[in-house]
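Report on one structure; see the data block that follows.
The values are calculated or read from the model by the stated rules, or taken from the named source; none is laboratory data. Keep in mind the model is a prediction, meaning the values are calculated, not measured. Neighbour counts run over all protein chains shown; Cβ positions are idealised from the backbone, glycine included.
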Amino acid sequence: MTTLTFATGTHGAANERVEDKAKVHKNRVQFDLAPRSMERLNALKTKTEAASYAEVVKNAFRLYEALIEETESGKQFLVRDRDGTISPYRLFL
């Protein structure tokens, strides 16, 4: 298991000045990831050229939330094969 910690608090004087201005409350979150999950996270970080693991996770949350909202509103996601065949893509079983 790999432990992944997202440090979302302030670190250093420069960050404290920015935080004072923004007054944004942040939380620290820690995940224990199996080796395969850590490999997937690393691959996504590389493919998306994200600056951090936190950026990958935040983007994943945004996408996941949008997909759920669209599904809840009755929309359907479709995928097109290389030969042009379109079929429904079941996101949530």
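Here segment 59-93 is the region considered, the condition is being among the basic types (Lys, Arg) and either over 12 Å from the mean Cα position of the chain (by Cα) or at pLDDT below 95 (or both), and the residue that is farthest from LYS26 (Cα to Cα) is ARG82. Of the residues in segment 19-41, at least one is surrounded by 12 or more Cβ atoms within 10 Å (Cβ to Cβ) and at pLDDT below 65.
Go through THR8, THR3 for me and flag whichever is at pLDDT below 95, exposed (fewer than 12 other Cβ atoms within 10 Å of the Cβ), over 29 Å from PRO88 (Cα atoms) and of a type in the set (Ser, Thr, Tyr).
Values: THR8 fails: exposed (fewer than 12 other Cβ atoms within 10 Å of the Cβ).
The unique qualifying residue is THR3.
Scanning segment 43-93 for residues that are part of a helix (DSSP H, G or I), surrounded by 12 or more Cβ atoms within 10 Å (Cβ to Cβ) and aliphatic (A, V, I, L, M) turns up LEU44, ALA54, VAL56, VAL57, ALA60, LEU67, ILE68.
For segment 23-37, name all the residues that are outside any loop (DSSP other than H, G, I, E, B) and either over 16 Å from PHE61 (Cβ atoms) or not β-branched (Val, Ile, Thr) (or both). Full working, then the answer.
Filtering segment 23-37 for residues outside any loop (DSSP other than H, G, I, E, B) gives 29-33, 35-37.
GLN30, PHE31, ASP32, LEU33, PRO35, ARG36, SER37, listed by residue number.
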